[in-house]
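Before I ask anything, let me first share the structure, which is written out below as structure tokens.
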Amino acid sequence: MSKSRIYLDYAATTPLDAGVLKKMMPYLTDKYGNPSSIHKFGQEGSSAIDEARKKVARFLNCKPMEIVFTGSASESDNLAIRGLIKALKHKKQAGERIHIITSKIEHKAVLETCRDLEKEGIRITYLPVGPDGLINLDDLRAEITPETDLVSIMYANNEIGSVQSIKKIGKIISEINKNEEHPTYFHVDAVQAANWLDCRVDDLKVDLLTLSAHKIYGPKGVGILYIKEGTPIASLITGGSHEWKLRAGTENVAGIVGIGEVIAKIRNTKAEIRKMEILRNKLVDGVLENVQGSKVNGSKRPEERLPNIVNFSFLGVEGESLVIALNEEGIAVSTGSACTSTSLMPSHVLIAMGLPELDAHSSLRVSMGRYTTVKEIDYFIKILPRVVEKLRKISGR
Amino acid sequence: MPIYNKQIMQHFTNPKFFGKINNPDVIGKAGNPRCGDLLTLYLKIDEKSRRIKGIKFETLGCASAIASSDMICKLAKGKTLEQALKIDFQDVSDELGTLPPLKIHCAQLVTEALSDAINKYK
């Protein structure tokens, strides 16, 4: 067992489904045509893309023409936010302001995009979150004004797994829109939610929704943006007329086939969620019981969290050193702390939740998935206390 | 995530100098909660020769902060205070086979803690 590797970082990426790879292979070999070509080679590619688009549309309960394939979820977030603002700018009168509401715990792809737009003079409101990692809907209601153009809120957080009430937010916005001549659009980054939660866009009342293939056992390098018919959007990558003229560039046919296949396989049923919750509870109970001075960050209520992501803090230990030490034991997890990124600052998510800096630096994210076993969780719980104890001896805390 | 080299990993997984010294002659500190690294050096100093005869560390921090702490202890032990003050962060980094660029501040942190201790003792 100790020689094998244990992967508990499914929120970072998931392994590619073997069946899906098989479906992708022809488009990496024999069926290499450019989908824009009108001969047989090209048609093979373009009809494969059509099929994939239909599968995605079925999952989201929307029209195929409302789906745009991109190169990543980050690109989709950028297209949603920048693309909308770019299109609105053309429509606005001189002096009319643009306003975006988002939250302090968004993925960097949204947060940094908003910060960038802020430099261009666009007003951005960053909603706070409570210790549970959730925004307050009254806060949101209070911030929406007639000049608000966009609300961008993530469905489920990638660091702590907290789930926002997207359906309620969608309802609030659509009710406000009834009395407004200029609508507020609603974008949702649903990357972490897709495996577990209802993503039907009509249910959620969203205008824009981001998905990623590699978080749902698909290939890397493919993202999706759902754009509700009639939503103003301008292309960020200009060139050919690919993807309804919203994303120029020859399509990643194999990748798109992959995301179509993988999305059709998602079974976000109660039984699947329950199965993961049992594993999660075992993990949480085992860790809290065996490691003194440990705690779980974020909401404890099942309906407010994903079943597969747990964020712990271990007092007296720094997250990165814990990740490196566990890696030596063959266990792959990650830190909520941004210590290894360029900033050296603690996680913006945990800080927004009100965690003291040292607690935020002592965090560890464990994320499980389709192939996680009880045996692996047992092994993790067996190894962890010793590793934490050793680091505490070094820290003297 | 930076991939640490063998030397760094060795000093991280098997540090030789961690722990407290009872009745130290002086204590040096560096770091802040914001960056997540907090370190304390405990020194025993021979009054006559002004040599560091004992040195230990306690470090809350990332793997390279722990490795750098162990290295500064190794480098400082047996040196006179004047010699020890001359150890700079580049020496610590070099002895560890070069820290990743993002982690160079760890070497600066440990030299800060050592200077803090020595300056207090003086």
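The values are calculated or read from the model by the stated rules, or taken from the named source; none is laboratory data. Since the model is a prediction, treat every value here as computed from it, not as a measurement. Every residue, glycine among them, receives a Cβ derived from its backbone with ideal geometry; neighbour counts consider all protein chains shown.
Within the bounds of region A:372-386, is there any residue that is in contact with an Asp or Glu (Cβ under 8 Å, 6 or more places away or on another chain) and in a helix (DSSP H, G or I)?
Yes, region A:372-386 contains at least one residue that is in contact with an Asp or Glu (Cβ under 8 Å, 6 or more places away or on another chain) and in a helix (DSSP H, G or I).
Next question. How many of the residues making up region B:44-74 are among the β-branched types (Val, Ile, Thr) and part of a helix (DSSP H, G or I)?
2
Does region B:44-73 hold any residues that are within 11 Å of another protein chain (Cβ to nearest Cβ), among the acidic types (Asp, Glu) and farther than 16 Å from residue B:116 by Cβ, and which are they?
B:70
Do you know which residues across region A:105-123 are in contact with a helix residue (DSSP H, G or I) (Cβ under 6 Å, 6 or more places away or on another chain) and under 19 Å from residue A:170 (Cα atoms)?
Matches in region A:105-123: A:105, A:110.
Could you grab me the full set of residues in region B:13-43 that are charged (D, E, K, R), away from chain A (no Cβ under 11 Å) and buried (at least 17 other Cβ atoms within 10 Å of the Cβ)?
B:25
Could you please give the count of residues in region A:115-129 that are closer than 19 Å to residue A:299 by Cα and loosely packed, with under 15 Cβ neighbours inside 10 Å?
1
If you don't mind, another one. Would you confirm, using the coordinates I've provided, whether residue A:392 is within 12 Å of another protein chain (Cβ to nearest Cβ) and basic (Lys, Arg)?
So residue A:392 fits the description; yes.
Quick one: in region A:303-338, of everything that is without any contact (Cβ under 8 Å) to a residue 24 or more places away in the chain and either among the hydrophobic types (A, V, I, L, M, F, W, C) or more than 8 Å from chain B (Cβ to nearest Cβ) (or both), which residue is surrounded by the fewest Cβ atoms within 10 Å (Cβ to Cβ)?
Only one residue tops the list, namely A:327.
Output yes when any residue across region A:33-46 is out of contact with any Leu (no Cβ under 9 Å at 6 or more places or on another chain), surrounded by fewer than 21 Cβ atoms within 10 Å (Cβ to Cβ), of a type in the set (Phe, Trp, Tyr) and not in a helix (DSSP H, G or I), and no when none is.
No, region A:33-46 contains no residue that is out of contact with any Leu (no Cβ under 9 Å at 6 or more places or on another chain), surrounded by fewer than 21 Cβ atoms within 10 Å (Cβ to Cβ), of a type in the set (Phe, Trp, Tyr) and not in a helix (DSSP H, G or I).
I'm trying to understand the selection: among the residues of region B:12-43, which are part of a loop (DSSP other than H, G, I, E, B) and either more than 16 Å from residue B:113 (Cα to Cα) or of a type in the set (Val, Ile, Thr) (or both)?
B:14, B:15, B:16, B:21, B:22, B:23, B:34, listed by residue number.
Identify, by number, the condition in (1) buried (at least 23 other Cβ atoms within 10 Å of the Cβ); (2) more than 14 Å from chain B (Cβ to nearest Cβ); (3) without any contact (Cβ under 8 Å) to a residue 24 or more places away in the chain that residue A:346 doesn't meet.
(2)
Run down A:267, A:280 and say which single residue is under 23 Å from residue A:165 (Cα atoms), assigned to a helix (DSSP H, G or I) and not aromatic (Phe, Trp, Tyr).
The conditions single out A:280.
Follow-up. Answer yes or no: is there a residue in region A:149-165 that is surrounded by fewer than 18 Cβ atoms within 10 Å (Cβ to Cβ) and either touching a Gly at 6+ places or on another chain (Cβ under 8 Å) or more than 22 Å from residue A:354 (Cβ to Cβ) (or both).
no
Sort out which residues of region A:325-345 are at pLDDT 80 or above, touching a strand residue (DSSP E or B) at 6+ places or on another chain (Cβ under 7 Å), at negative phi and assigned to a loop (DSSP other than H, G, I, E, B), and write them in order of number.
Passing the criteria: A:333, A:335.
Which of the residues belonging to region A:360-375 are surrounded by fewer than 20 Cβ atoms within 10 Å (Cβ to Cβ) and more than 22 Å from the chain's Cα centre (by Cα)?
Result: A:373, A:374, A:375.
Does region A:85-95 contain any residue that is in contact with a helix residue (DSSP H, G or I) (Cβ under 9 Å, 6 or more places away or on another chain) and not hydrophobic (A, V, I, L, M, F, W, C)?
No: region A:85-95 contains no residue that is in contact with a helix residue (DSSP H, G or I) (Cβ under 9 Å, 6 or more places away or on another chain) and not hydrophobic (A, V, I, L, M, F, W, C).
Additional query: Residues being within 29 Å of residue A:197 (Cβ to Cβ), out of contact with any helix residue (DSSP H, G or I) (no Cβ under 9 Å at 6 or more places or on another chain) and among the charged types (D, E, K, R): count how many of those fall in region A:244-279.
Residues that pass the stated criteria total 5.
Yes or no: region B:77-84 includes at least one residue that is over 15 Å from the mean Cα position of the chain (by Cα), within 11 Å of chain A (Cβ to nearest Cβ) and farther than 15 Å from residue A:318 by Cβ.
No.
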